[in-house]
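The values are calculated or read from the model by the stated rules, or taken from the named source; none is laboratory data. These numbers come from a predicted model, not from an experiment. As a convention, Cβ positions derive from the backbone with ideal geometry for all residues, glycine included, and neighbour counts pool all protein chains shown. Note: accessible area is taken over every heavy atom of the protein model, side chains too, but ligands, DNA and RNA are not part of it. Shrake-Rupley method; radii C 1.70, N 1.55, O 1.52, S 1.80 Å.
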Amino acid sequence: MKNFHFDTIVIGGGIIGLSCAYALSKKGQKVAVIERKHIGAGASGSSAAMLECQTEAHRGDVFMSLAKPSLNLFPSLAEEIKDLTGQGFGYEKNGILNLALNEEEAVLFENETIRQVYSKFKARWLSKNDVASLYPEVTPHQYGGAFFEKDGQLVGERYVAAMAQAARQKGVDIREGEAVTSFKTSKNRT
């Protein structure tokens, strides 16, 4: 078997692995991505592709300390990838409506919008009537909703394909259909 040398080997060809490989290659590293099946075969290929920083704020301060800067950086990354590859992937910063389906959720979500506004996020509580008026296609069995204005969406499969193309254009060696079954260390390196 032929030996190859890389500065970094990324295991997994989903959006996180491809993004890491792309970023490392921009810093001058020689990078390989090893994917057991095919690019986007796991969660990245079947996700709803929502950019949910505010919607997921209930995860706590540690999550938000990473999610908020990521959400702010994403528009420039999206533009960079689109410029490099010529591929659009439906990125929209159109907000996400989180519906309350019972009274308990309504209280939680309304309190979350208040907390987020206090934290300098754009969020607003929509009453049951507001939701019915603005979104008539939504179920009448709702108790209002929290609208998180900075969240958005994209077409996940197209974004994965664009990121893979961008990584390849930066010299990343993407190997599909190869499984990593073990690591061998030498000279205290893995």
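Rank these by accessible area, largest first, 1.4 Å probe: Met64, Met50, Met163. Mind showing how you got there, number by number?
Numbers: Met64 25, Met50 85, Met163 0 Å².
Per-residue accessible area, sorted high to low, gives Met50, Met64, Met163.
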Q | Simple label model, 7 Å out from Cα along Cβ direction - Ser119 to Gln169, nm | A | 3.5 nm
Q) log₁₀ I(q)/I(0) of region 54-149 at q = 0.15, 0.21 Å⁻¹, via Debye over equal Cα point scatterers, no solvent, to two decimals? A) -0.69, -1.02
Q. Which whole-number percent is the relative contact order of region 33-190 (Cα, under 8 Å, 6+ apart)?
A. 40 percent
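Quick one: dipole size for the chain, taken about the Cα centre, charges +1 on Lys/Arg Cβ and -1 on Asp/Glu Cβ, in debye to the nearest 20.
On the way: 23 positive and 22 negative charges, 252 e Å.
For this selection, approximately 1220 debye.
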**Q.** Sequence-distant aspartates and glutamates (8 or more away, or on other chains) whose Cα lies within less than 12 Å of Lys27
**A.** Asp7
Q.
Using only the alpha-carbon atoms, how far is helix 15-26 inclined from the longest principal axis of the chain? Give it as 0 to 90 degrees, nearest 10.
A. 60 degrees
Q) What is the distance in Å between the Cα centres of region 119-138 and region 12-53? A) 34 Å
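Compare Cys20, Cys53 by solvent-accessible area with a 1.4 Å probe and give them largest first, with all protein chains kept in place.
Working: Cys20 65, Cys53 5 Å².
Highest to lowest solvent-accessible surface, that is Cys20, Cys53.
Using a Förster radius of 45 Å, what is the FRET efficiency between Glu103 and Ala43 based on their Cβ-Cβ separation? Nearest 0.05, please.
Working: r = 33 Å, r/R0 = 0.72.
After rounding to 0.05, the efficiency reads 0.85.
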Q.
When 1/r is averaged over all different Cα pairs and the result inverted, which Kirkwood radius in Å belongs to the chain?
A. 18.9 Å
**Q.** Order of exposure, largest accessible area first, which applies to Phe147, Phe63, Phe183 with probe 1.4 Å
**A.** Phe183, Phe63, Phe147
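Of all DSSP beta bridges located in the chain, what percent are antiparallel, nearest 5?
Numbers: 12 of 20 bridges.
For the chain, the DSSP antiparallel bridge percentage is about 60.
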Q. What is region 5-119's relative contact order, in percent, from Cα pairs under 8 angstrom and six or more apart in sequence?
A. 18 percent
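Note the count of lysine pairs whose C-alpha atoms are less than 26 angstrom apart in region 99-190, limited to pairs 8 or more residues apart or on different chains.
Details: Lys120/Lys128; Lys120/Lys150; Lys122/Lys150; Lys128/Lys150.
For region 99-190, the number of qualifying lysine pairs is 4.
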